[in-house]
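Each value in this text was obtained by applying a stated rule to the coordinates, not by laboratory testing. All values derive from a computational prediction rather than experimental measurement. For neighbour counting, all protein chains shown are included, and Cβ atoms are generated from backbone atoms with ideal geometry for every residue, glycine included.
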Amino acid sequence: MTGKATTSSKKIFVSGCYDLLHSGHVAFFKEASQYGELYVGLGSDATVESLKGRKTINSEQERLYMVKSIKYVHDAFINSGSGIMDFEEELRELQPDYFVVNEDGFSPAKKTFCDALGIELKVLERIPDAGLPTRSTTALRSSDNCTLPYRIDLAGTWIDQPYVSKYHPGWAITLSLEPIVEYNERCGMSTSTRNAAKKMWPYNLPLEKPQKLAEILFRFENSPGSTLVSGAQDAIGICMPGLVRHYYDNAYWPKQFETVDSEDILDWLENHIFMVLLWPRPDKLDLLKETYINKENVEKLANAAEGAWEAILKKDLTGFAKYFKESFNAQTTMFPAMMNDDINEALKNYKNDALAWKLAGAGGGGYLILLAEKRPKDAMKIKIRRRGSDL
């Protein structure tokens, strides 16, 4: 790490991949540099592959060379750590005045770490420089690469497993999301199922018969002899656009589907559902080491999903929040390993701004899904995939 700030200049730190360098990166560096001398930490090739599930287009040395060439950058270096907090050692050594991130780069873990070091965390909106279009690496990769959707579940999670629905049948509710963010691996965004889909449809989904596509993907991912069967909700959430609920009764594939394509309802959901990055789920997390799966708990899960669906159709935010929370409580009651002290600590940042919350996916980390009247500070918006989208 080289380059020292003068006594009168503040030090600013930013961190990221900066692969496929574009005008959005330069605009971000320009805005961050207004606060002082800008230092850039780059994720190593190994870190990017671990978080994103893909290799970088440009090697870490190429990326470092390009970032150092930008006039707004005082100095740049490769972060020595791994994961979303790969910059910890560099931050301790540099001791900047500000750590600057974009909205999709914020996480409670970064805020906690900065607070401990006395560093102010600033969150910037993605605003292009004058006369230039909005750019992101995700959008550029999507222009000639994979544009498969992601999915989130809103209620009924785990009911798609027969060892759960055998106690009581019920619905799972999923939303298909456009890939406006390249969500991290092992973070509850059905990335393993999405990676399986890439093997059949490398660039985009066929537009015909989404329910049939979901069944094809489910069977492809769970080949005969699989010892651990992925739930059908992942394949359904990826392949079926809009808001979908699917009914399970002691079987892997649902018996019934209901879909909502109403622009009015989808817009309403986009205005009240937000996400916050936590950290990837630990590799050795065992969600089945302690479970409380019984008729009482599964019935609570099923009833909450039914209530959430009815509230959504009425655009009843208070009712939706009630059942959203009840569904998540039923999940964590059955699978207590979904939660831990770090997640509970992160939740404290949003309990005054959010009406309800849950974890994306199986827990242990990933993304927080927040339900709120208005966008909580530092949270990301979502974009729901519409029927007929060119994905």
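Note on Thr318 and Glu88: the model spin-label points, each 7 Å out from Cα along the C-beta direction, lie 4.4 nm apart. Computed over the range 150-381, the P(r) curve from all C-alpha pair distances, binned at 5 Å from the origin, holds 1, 7, 15, 20, 22, 19, 11, 5, 1, 0 percent per bin.
Anisotropy class assigned to the range 299-366 is oblate, per the alpha carbon gyration tensor with a/c at or over the 1.5 cut-off and a/b no larger than b/c. Extension gain for the segment Thr259 to Gln34, taken as residue separation times 0.36 nm less the Cα-Cα distance, is 76.2 nm to one decimal.
Each residue in Met85, Met240 was given a count of other beta-carbon atoms within 10 angstrom of its own, and listing them fewest first yields Met85, Met240. Separation of the range 157-172 from the range 48-125 is 41 Å, based on Cα centroids. Cα centroids of the range 264-301 and the range 192-227: 22 Å apart. Residue exposure proxy: Met200, Met334, Met189, ordered by other Cβ atoms within 10 angstrom of their Cβ from fewest to most, comes out as Met200, Met334, Met189.
Note on the chain: the alpha carbon radius of gyration divided by the globular reference 2.2 N^0.38 Å gives 1.01. With both labels modelled 7 Å from their Cα along Cα-to-Cβ, the Glu310 to Asp353 distance reads 3.2 nm. Here the sum of -39500 (n - 2.57) over DSSP H runs of 4 or more residues, divided by the residues of the chain, equals -10500 deg cm²/dmol at 222 nm, to the nearest 500.
Could you sort out which of Lys255/Lys295; Lys212/Lys295; Lys55/Lys199 sit more than 22 Å apart by Cα distance in this structure?
Checking Cα-Cα distances, Lys212/Lys295 exceed 22 Å.
With contacts taken as Cα pairs under 8 Å and at least 6 residues apart, the range 50-123 reaches a relative contact order of 22 percent. The alpha carbon gyration tensor of the range 175-294 gives principal lengths a ≥ b ≥ c with a/c below 1.5, which makes the shape rounded.
Taking other C-beta atoms within 10 Å as the exposure proxy, Leu207, Leu64, Leu175 rank Leu207, Leu64, Leu175 from fewest upward. Structural descriptor for the range 150-381: relative contact order 27 percent, calculated from alpha carbon pairs under 8 angstrom and at least 6 residues apart. Across the chain, the mean sequence separation of Cα contacts (distance under 8 Å, 6 or more residues apart), normalised by length, yields a relative contact order of 17 percent.
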